[in-house]
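To start, the structure itself, in structure tokens.
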Amino acid sequence: MIQIPKRQPVQPLLNQDDQQWIHESIEKIIHKMAWLSDKSADKIPFTTVNGVHDDKRTVASPRDSDGLQWWTNGFWAGMLWLLYHETNDEKYARIARRTEEWLDQCFMNFYGLNHDVGFMWLPSAVADYRLTGNLTSRSRGLHAATLLAGRFNPVGRFIRAWNTGRLAYDTRGWAIIDCMFNLPLLYWASEETGDPSYRHIATRHADTVANHFIRADGSSEHIVKFDPDTGEKLQTLRGQGYAEGSAWTRGQSWALYGFMMSYMHTGKPEYLDTAKRVADYFIDHIPESGLIPIDFQQPAEPDYEDSSAAAIAACGLIELAQHVGDDERSTYLQPALRLLKTLSRERCDFSDRNDHFLERCSGSYHEKHHHYSLIYADYYFLEALFKLKGNDLFLW
Ligand code: GLY
């Protein structure tokens, strides 16, 4: 029998200044989203180019996970649903639904979809269903969940990450830390249908990650390669971080918040313990500046940053603060506030000059370009502020 843990509100821990800052930030978000939603209503943005949202609605070739199949394509809808929940303004629902309808085409391109279907359909279709009861949206969510369940390797007890396609590797045995964030789609499908199979797949994958990805010091691998026939662990791979064995910060954030969500959906105390270990490592490594590097083990120069890692970690830390005892709540809440206030003061554009909120995000350490905006950084920044206000639409 699953006991869903209760969230303790963090608002009583916030002082007058914090509350004022949250109130003002949300006012600025509402103001910016009011015009931005109209301006980008015909797009699925991923980043900004010269301050203007790009558009991922290009149909990529079969077997390619770019274009309309790109893993971030649910986040713009997610931002709009957050605003719908906050303001009750129907225009946000109308614009968010466009993404959901465009994404239907992806179901016709099987090899374009991978483990990231949770990122794509939870903040879009499942959000719609949760908020409005739209049954077509429910159906979209269940199709996506069933695709994700089909990627489970029962011998290795992991969900396969990318497809072998554009990547010139045999990825049949690859699992990645990011996938912790797709598990809520499976928990939702079990809760929705009453079929526990989806949840069993999610918990088996989470157990594999706890055993094979999370190191003794609380840091996490990005990629683990298993033998897809025997399930034997073969190798760990660098992925998007600085080096093999280092600590890619967005990966640490996916692990932190991901284990929190597995705890929230199952009540299994070992997931809460794992989330705390990962959080403790993250908190111990926050630099003096409060700005998060791409990798906690990267050299001091170049001083590459990733604001997205900070925003995702802040969300996970706020959830953690809501699920630990009174004596530990500040341990997790205070670093979350510090990360968000630093982002807000130094890396956020609330103005109407640019379509993004957060700046200086990075996809990976070794890519050619760094420091641009990312739609999911904006999404998690907004989510964190609504959590602090106590009006969070929990999409996961
Ligand atoms: N899920 C891919 C990334 O975090 O870049």
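The table below gives the values:
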{"quantity": "Selection within the stretch 231-262 - among the hydroxyl-bearing types (S, T, Y) and buried (at least 24 other Cβ atoms within 10 Å of the Cβ)", "calculated": "T249, S253, Y257, S262"}
{"quantity": "Out of A125, A93, sole residue that is crowded, with 24+ Cβ neighbours inside 10 Å and small (G, A, S)", "calculated": "A125"}
{"quantity": "The stretch 341-357, residues that are farther than 21 Å from T48 by Cα and crowded, with 19+ Cβ neighbours inside 10 Å", "calculated": "T342"}
{"quantity": "Subset of the stretch 149-192 that is within 16 Å of the chain's Cα centre (by Cα), of a type in the set (A, V, I, L, M, F, W, C) and within 13 Å of the ligand (Cβ to nearest atom) - its residue that is surrounded by the most Cβ atoms within 10 Å (Cβ to Cβ)", "calculated": "M180"}
{"quantity": "Helices (runs of 4 or more DSSP H) completely within the stretch 1-113 that count 2 or more residues being within 21 Å of L147 (Cβ to Cβ)", "calculated": "75-87, 90-103"}
{"quantity": "Residue in the stretch 348-368 that is polar (S, T, N, Q), under 27 Å from K43 (Cβ atoms) and touching a His at 6+ places or on another chain (Cβ under 7 Å) present", "calculated": "yes"}
{"quantity": "Checking V126 against (1) more than 17 Å from S40 (Cβ to Cβ); (2) within 16 Å of the ligand (Cβ to nearest atom); (3) in contact with a Gly (Cβ under 6 Å, 6 or more places away or on another chain); (4) not aromatic (F, W, Y), the condition it does not meet", "calculated": "(2)"}
{"quantity": "Tally of residues being on the phi < 0 side of the Ramachandran plot, surrounded by fewer than 22 Cβ atoms within 10 Å (Cβ to Cβ) and of a type outside the set (S, T, N, Q) across the stretch 194-209", "calculated": "6"}
{"quantity": "Pairs, first over 15 Å from D303 (Cα atoms) in the stretch 353-366, second away from the ligand (no atom under 15 Å from the Cβ) and polar (S, T, N, Q), C-beta under 9 Å, six or more apart", "calculated": "N354/T48; N354/N50; D355/S40; D355/T48; H356/T48"}
{"quantity": "Single match in R130, R172 (criterion: outside any loop (DSSP other than H, G, I, E, B) and either touching a residue at least 12 places away in the same chain (Cβ under 8 Å) or closer than 21 Å to S220 by Cα (or both))", "calculated": "R130"}
{"quantity": "The stretch 220-259: number of residues that are within 13 Å of the ligand (Cβ to nearest atom), in contact (Cβ under 8 Å) with a residue 60 or more places away in the chain and of a type outside the set (A, V, I, L, M, F, W, C)", "calculated": "10"}
{"quantity": "Pick from the stretch 68-120, criterion among the small types (G, A, S) and within 16 Å of the ligand (Cβ to nearest atom), ranking: farthest from L393 (Cα to Cα)", "calculated": "G112"}
{"quantity": "Matching residues, the stretch 358-378, being in a loop (DSSP other than H, G, I, E, B) and within 15 Å of the chain's Cα centre (by Cα)", "calculated": "S362, G363, L374"}
{"quantity": "Complete set of residues in the stretch 66-123 that are within 20 Å of L185 (Cβ to Cβ) and of a type in the set (K, R)", "calculated": "R97"}
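Residue-by-condition table, conditions (1) under 17 Å from E24 (Cα atoms); (2) assigned to a helix (DSSP H, G or I); (3) among the β-branched types (V, I, T); (4) within 16 Å of the ligand (Cβ to nearest atom):
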| site | (1), (2), (3), (4) |
| --- | --- |
| L333 | no, yes, no, no |
| R338 | yes, yes, no, no |
| F350 | yes, no, no, no |
| H356 | no, no, no, no |
| Y380 | no, yes, no, yes |
| F394 | no, no, no, no |
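For (1) within 20 Å of H356 (Cβ to Cβ); (2) within 22 Å of the chain's Cα centre (by Cα); (3) not small (G, A, S), each residue gets a yes or a no:
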| site | (1), (2), (3) |
| --- | --- |
| R57 | yes, yes, yes |
| E90 | no, no, yes |
| A96 | yes, yes, no |
| C106 | no, yes, yes |
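So that you can scan it fast, the table gives a plain yes or no per residue for (1) in contact with a Ser or Thr (Cβ under 9 Å, 6 or more places away or on another chain); (2) at pLDDT 95 or above:
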| residue | (1), (2) |
| --- | --- |
| V10 | no, no |
| H31 | no, yes |
| G51 | yes, yes |
| N73 | yes, yes |
| E100 | yes, yes |
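The values are calculated or read from the model by the stated rules, or taken from the named source; none is laboratory data. Worth saying up front: this structure is predicted, and the values here are computed from it rather than measured. Please note: Cβ atoms are built from the backbone with ideal geometry, for glycine as well, and neighbour counts cover all protein chains shown.
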